[in-house]
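Engineer: Encoded as structure tokens, here's the structure I'll be asking about.
The values are calculated or read from the model by the stated rules, or taken from the named source; none is laboratory data. Just so you know, these numbers come straight off a predicted model, no measurement behind them. No Cβ is skipped: glycine too gets one built from the backbone with ideal geometry, and neighbour counts run over all protein chains shown. These area figures cover heavy atoms from the full protein model, side chains too; ligands, DNA and RNA do not enter into them. Shrake-Rupley method; radii C 1.70, N 1.55, O 1.52, S 1.80 Å.
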Amino acid sequence: MNKQIWLIFILILSLTISIDGHAWKYNEHAYITYQAYDSACAAIKGQIKNRKQIEDYAAYCENPLIKLCFSHMVALSGDWVADYEKISINKDSKFLNNGTSLNCSDLSNIEGSDEIIKITSDNKVDSSHVIFQDVLTNTKTKAFLQWAKLVSDNETHFQPRSVLQWNKWTDEAYSLVENQQDMQVTMAAKAFGLHFLEDSFSAGHNGLNRSLRRHNYDQAYHDGFNHTGMLLESFENKFYVYGDSNLDQKTVYIKFHDHSQENISAALSEIQSVTGMKFIKTPETFIKKISEKLDTSEPSIKVLSLPMIEETIEFKSIRCIIFDDCNKHEFVVLNHLDFFDVKCEPNKHEYFTVAICPSSSEYVTEQTSKSIESFFTLVILGDKTRALEITQEVTQMIPNKAYPITQDNRSMNSLINGKPQFFDHYKNPNLLCFKRNCDREEFKEYNFMTFGFSHETRLDNDDIIPSSSLGFILRGRISEKFSGRMENRYQLYNEKGKFLSSFDLSLFTPSKRIGRNLIGVYAKGSLGLDNIWEGEKRSRYAGLGLGFDAHFGSTTTFVEVDYLKHWGNRIFDDYSVRVMVGFRVSSLRMGSILGN
């Protein structure tokens with residue numbers, strides 16, 4: 001029975017653990033750059049004037065393998081390689097030559113298989129195309145430890161430091177071009193800069209103080225806002241975008257013609273035919289809340305999140321249930337405000353006016369293209385003045401303010417993305433600071449809930465208390481003023497075949513963290529009941545313990561040892577030692593107007 005409990009625990013762990021910490025995934029970085037490269041080449045083609053420019057243009061823009069290699073280099077930069085030498089001067093780099101289909105170690109003489117040459121020549125590449133995965137096949141297994149190290153210390157990928165990195169590597173690329181370095185070296189520096197530029201447009205990389213390295217909170221914030229989206233503002237525009245795994249999600253802005261329940265209900269039905277999206281039925285109580293929230297003269301921006309019809313209450317995918325990653329779509333509701341996104345054209349309908357805007361991919365690809373264009377303007381056309389002007393135009397479009405959605409602090413939330421939601425935006429943006437430890441007041445701190453599972457072993461209890469069991473845990477913050485945590489633990493199943501036979505409540509001190517904050521140690525105190533359903537074997541217990549944990553993104557693995565005093569049991573009245581091995585997964589608690 002003990003072996004079965006371990007197998008169940010390992011199965012749950014394998015289905016739940018998530019350590020992805022990038023703004024855009026490898027494929028998405030590569031695809032953004034791949035599309036942007038074509039646009040940049042097209043932008044300067046008409047400016048070619050002499051034989052040298054014709055030759056340089058051909059070298060950079062007429063060989064499709066260069067575009068593929070450059071896209072690969074951008075995707076690697078900062079996520080898989082720590083410095084640009086590994087993709088520039090190191091001709092034997094394992095990151096540039098997968099040994100089979102493509103060798104990017106010398107951009108002036110690229111080697112590629114016939115299949116890749118044909119695919120890239122026909123321009124039949126999309127964001128999920130296998131060739132992007134093939135290029136990295138060998139890299140992933142060889143470089144995992146390097147990747148884990150970079151992800152744990154990647155504050156430069158988050159605003160505002162990501163913009164500083166883009167500026168740094170852009171200047172470096174310009175300097176290398178002026179010093180007549182070869183194509184491999186200059187494009188490697190440019191690739192590094194573009195990676196950080198693309199990161200700057202990801203929702204989950206804005207408004208977060210990543211320098212504090214609270215890995216479980218940071219990953220929860222990163223994943224939550226990449227999926228739910230965020231309103232960002234630059235010097236030139238305000239726009240709503242998503243993050244990784246949501247590259248092609250379009251933003252839809254709506255203004256209801258009036259705020260009566262009848263109009264909103266009719267509008268929600270009409271939205272489906274206008275957008276082609278099908279949503280689950282919206283409850284009348286929810287429509288009433290929307291009406292009440294909008295019935296004000298104060299200008300506001302709100303977000304209406306509606307689950308898609310395939311994710312009904314009757315059937316939800318495992319990912320939806322575990323990660324709250326249900327299929328849904330957001331609508332940015334403007335109340336007493338004009339449409340502000342310059343890329344969107346409003347269209348008036350019977351019950352509402354709608355503006356269906358570009359996807360997140362289009363926003364970031366446009367600026368990536370302009371940044372590549374500035375590089376080509378220098379390296380092909382030799383016009384540094386114009387190159388700097390284009391770079392400044394890109395700077396004006398990079399987000400410098402982030403407006404996260406508000407929350408309510410209920411004791412527990414059900415699925416955020418699994419039911420209709422209606423969020424407010426904070427009126428003021430999250431301030432971005434450069435200090436290593438920003439004041440907490442400078443950032444909107446979201447409360448977050450943690451759930452997890454544990455395998456528990458009891459020692460020295462004369463077999464009165466089951467020695468092996470599977471536990472389920474729920475953990476939350478005690479209060480805004482105290483940074484410790486409170487946890488409920490439920491024994492789901494034990495070696496004697498009993499269900500829900502033990503329960504306890506624990507308080508945890510803030511953990512002392514080391515090693516880039518990946519490893520933590522903390523103390524705990526517990527009160528609980530054992531053998532709840534077994535009469536004379538029932539006992540109360542209290543004890544103190546010590547725990548150690550390690551953060552892998554939003555997933556935290558832990559080991560805890562408790563020394564417990566039992567009383568109230570007619571058979572057993574003694575001490576026991578409990579060893580718990582488990583994991584916890586964290587997610588933001590962003591409440592809705594349906595809150596209690």
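Engineer: Quick test of your reading of the structure: THR282 fulfils all but one of (1) modelled with pLDDT under 85; (2) under 17 Å from ILE356 (Cβ atoms). Name the failing condition by number.
Structural biologist: (2)
Engineer: Ok, one more. Mind listing whichever residues of the range 534-545 are polar (S, T, N, Q) and open to solvent by 20 Å² or more (accessible area, probe 1.4 Å)?
Structural biologist: Hits for the range 534-545: nothing passes.
Engineer: Mind listing whichever residues of the range 546-565 are in contact with a Phe, Trp or Tyr (Cβ under 7 Å, 6 or more places away or on another chain), open to solvent by less than 50 Å² (accessible area, probe 1.4 Å) and within 17 Å of GLU456 (Cα to Cα)?
Structural biologist: GLY547, ASP549, THR556, THR557, PHE558, LEU564
Engineer: Pairs please, first residue from the range 275-290 and in a loop (DSSP other than H, G, I, E, B), second anywhere and among the charged types (D, E, K, R) and surrounded by 11 or more Cβ atoms within 10 Å (Cβ to Cβ), Cβ atoms under 9 Å, 6+ apart in sequence or on different chains.
Structural biologist: LYS278/GLU310; ILE280/GLU311; ILE280/LYS419; PRO283/LYS419
Engineer: Continuing with this model, one more query. For the range 360-373, which residues satisfy the criterion of being open to solvent by less than 60 Å² (accessible area, probe 1.4 Å) and either among the hydrophobic types (A, V, I, L, M, F, W, C) or without any contact (Cβ under 8 Å) to a residue 40 or more places away in the chain (or both)?
Structural biologist: If the condition is that a residue be open to solvent by less than 60 Å² (accessible area, probe 1.4 Å) and either among the hydrophobic types (A, V, I, L, M, F, W, C) or without any contact (Cβ under 8 Å) to a residue 40 or more places away in the chain (or both), then VAL364, ILE372 are the ones that fit.
Engineer: Checking PHE225 against (1) more than 30 Å from THR557 (Cα to Cα); (2) among the aromatic types (Phe, Trp, Tyr); (3) part of a helix (DSSP H, G or I), only one condition comes out false. Which one?
Structural biologist: Among (1) more than 30 Å from THR557 (Cα to Cα); (2) among the aromatic types (Phe, Trp, Tyr); (3) part of a helix (DSSP H, G or I), PHE225 violates only (1).
Engineer: What number goes with the only condition from (1) in a loop (DSSP other than H, G, I, E, B); (2) touching an Asp or Glu at 6+ places or on another chain (Cβ under 8 Å) that LEU529 does not pass?
Structural biologist: LEU529 satisfies every listed condition except (1).
Engineer: Now a separate question. Go through the range 309-357 and give me each residue that's open to solvent by less than 50 Å² (accessible area, probe 1.4 Å), part of a strand (DSSP E or B) and either modelled with pLDDT under 80 or charged (D, E, K, R) (or both).
Structural biologist: LYS328, GLU330
Engineer: Suppose we filter ALA75, ALA36 for residues that are surrounded by 24 or more Cβ atoms within 10 Å (Cβ to Cβ) and touching a Phe, Trp or Tyr at 6+ places or on another chain (Cβ under 6 Å); which single one remains? Show your work before the answer.
Structural biologist: Details: ALA36 fails: touching a Phe, Trp or Tyr at 6+ places or on another chain (Cβ under 6 Å).
On inspection, the qualifying residue turns out to be ALA75.
Engineer: In the range 82-186, which helices (runs of 4 or more DSSP H) lie fully inside it and hold 2 or more residues that are buried (at least 18 other Cβ atoms within 10 Å of the Cβ) and at pLDDT 70 or above?
Structural biologist: Working: elements: 114-121, 130-142, 144-152, 161-178.
Counting at least 2 such residues, we get 161-178.
Engineer: Just one of the numbered conditions (1) open to solvent by 10 Å² or more (accessible area, probe 1.4 Å); (2) at pLDDT below 85; (3) under 27 Å from ASP218 (Cα atoms) is not true of ALA23; which one?
Structural biologist: (1) is the only condition that ALA23 fails.
Residues are listed down the side, and each one gets a yes or a no for (1) of a type in the set (Phe, Trp, Tyr); (2) within 19 Å of the chain's Cα centre (by Cα); (3) open to solvent by less than 10 Å² (accessible area, probe 1.4 Å); (4) on the phi > 0 side of the Ramachandran plot:
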| site | (1), (2), (3), (4) |
| --- | --- |
| HIS227 | no, yes, no, no |
| PHE235 | yes, no, no, no |
| GLY243 | no, yes, yes, no |
| ASP248 | no, yes, no, no |
| HIS259 | no, no, no, no |
| ILE264 | no, no, yes, no |
| GLU270 | no, no, no, no |
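Engineer: Within the range 523-533, can one find any residue that is of a type in the set (Lys, Arg), surrounded by 21 or more Cβ atoms within 10 Å (Cβ to Cβ) and modelled with pLDDT of 80 or more?
Structural biologist: no
Engineer: Could you please find all residues in the range 231-263 being in contact with a Phe, Trp or Tyr (Cβ under 8 Å, 6 or more places away or on another chain) and over 16 Å from ILE301 (Cα atoms)?
Structural biologist: Of everything in the range 231-263, those that are in contact with a Phe, Trp or Tyr (Cβ under 8 Å, 6 or more places away or on another chain) and over 16 Å from ILE301 (Cα atoms) turn out to be GLY243, ASP244, LEU247, GLN249, ASN263.
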